Amino acid sequence: MKTYRIAPSILSADFARLGEEVRDVIAAGADFIHFDVMDNHYVPNLTIGPLVAEAIKPHCKRADGTPVTLDVHLMVEPVDALAALFAKAGADIITFHPEASRHVDRTLQLIRDAGCKAGLVFNPASSLEVLDYELDKIDMVLIMSVNPGFGGQSFIDGALDKTRRVRAKLDAYKARTGRDVLLEIDGGIKPDNIAAAAAAGADTFVAGSAIFGKPDYKAVIDAMRANLAAA
Ligand code: DX5
Ligand code: ZN
């Protein structure tokens, strides 16, 4: 049985009650907290920074005290200075878009040197070629199934084929090295398409509006898990 992780994006949470929203979605079964950082430069929107990450970090734990991964998705350009600040603020995983960094290899190394897991994010039109060179420094690949910048957009079907291609690369890499790399998908994920994303090879699923847009977070996460189990 595969391990699947649900990563609610707090982009669609009520920012006036963010700590409570984080606790509620963890109680509802979240595995990761997905934290979307937008800078009005790399993407046409502006969200939250390291101070907010630091403020929610103490809430990123289960009732029994076990930590819940804080998964920081940087949609910013340049990357390095902010990545360092997020590492300090308590990020566990930091992902960034390769086109937003002048020196992708250096940025991956900087994130790892700061004690975090590192990952690359691929937009719908971005080439995967960098993976041929950087897998040793990558702990997560994130496939965008929308164009980055906003929650609540529709799933782009082409992301499934891209996910399959990344899955093949990661399986070959695992056979060669024994090392697991997470494969996350982000944008327009809902209970009714999560199984297709899993069949394409994703193991970690970001969902913002699908979860925070409904009154009962647990019902949505349970429906996602049921559809994953049936797939
Ligand atoms: C988009 C963000 C996503 C977004 C997902 O730029 O990276 O994480 O919040 O939101 P939904 O699930 O509503 O598409
Ligand atoms: Zn995201």
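Label the stretch 78-174 by shape, choosing from rounded, prolate and oblate, from the square roots a ≥ b ≥ c of the eigenvalues of the Cα gyration tensor; if a/c is under 1.5 it is rounded, and otherwise prolate applies when a/b is larger than b/c, oblate when it is not. Please report the intermediate quantities before stating the final value.
Numbers: a/c = 1.94, a/b = 1.31, b/c = 1.48.
Because a/c hits 1.5 or more and a/b fails to exceed b/c, the stretch 78-174 counts as oblate.
Taking the dipole about the Cα centre of the chain, with the C-beta of Lys and Arg at +1 and of Asp and Glu at -1, give me whichever of Ala28, Phe86, Val146 is farthest to the positive side.
Ala28
Residues with amide H under 5 Å of Val76's amide H, sequence separation 5 or more or different chain, H placed in the peptide plane at 1.01 Å from N; which?
His97
Based only on the alpha carbon positions, what is the Kirkwood hydrodynamic radius of the chain, in angstrom?
Numbers: mean 1/r = 0.0573 Å⁻¹.
Kirkwood radius, the chain: 17.4 Å.
Using helices alone, what [θ] at 222 nm do you get for the chain, with -39,500 (n - 2.57) per DSSP H run of 4 or more residues, divided over all residues and rounded to the nearest 500?
Values: 9 runs with 86 residues, N = 231.
After summing the helix terms and dividing by residue count, I get -11000 deg cm²/dmol.
Using θ = phi - 60° and the Karplus relation 6.51 cos²θ - 1.76 cosθ + 1.60, list the HN-Hα couplings for the stretch 181-198 in order, rounded to whole Hz, with x at every Gly or Pro.
10, 6, 10, 9, 10, 9, x, x, 7, 9, x, 7, 10, 5, 5, 5, 5, 5
Report in % the part of the accessible area of the chain that belongs to carbon and sulfur, leaving out ligands and nucleic acids; probe 1.4 Å.
On the way: 5340 of 10150 Å².
Ligands and nucleic acids excluded, carbon and sulfur reach 53 percent.
To make sure I understand the rule: partners must be aspartates and glutamates, Cα under 13 Å from the Cα of Lys162, and not fewer than 8 residues away in the same chain. Which ones qualify?
Within the straight-line cut-off, Lys162 pairs with Glu129, Glu184, Asp186.
Ignoring ligands, DNA and RNA, what accessible area per residue does the stretch 1-57 give at 1.4 Å, in Å²?
Details: 2560 Å² over 57 residues.
Using a 1.4 Å probe on heavy atoms only, each residue of the stretch 1-57 averages 45 Å².
The values are calculated or read from the model by the stated rules, or taken from the named source; none is laboratory data. Everything numeric in this text was worked out from a predicted model, so none of it was measured. With ideal geometry, Cβ positions are generated from the backbone for all residues, glycine too; neighbour counts draw on all protein chains shown. These accessible areas exclude ligands, DNA and RNA; they are computed on the full protein's heavy atoms, side chains included. Shrake-Rupley method; radii C 1.70, N 1.55, O 1.52, S 1.80 Å.
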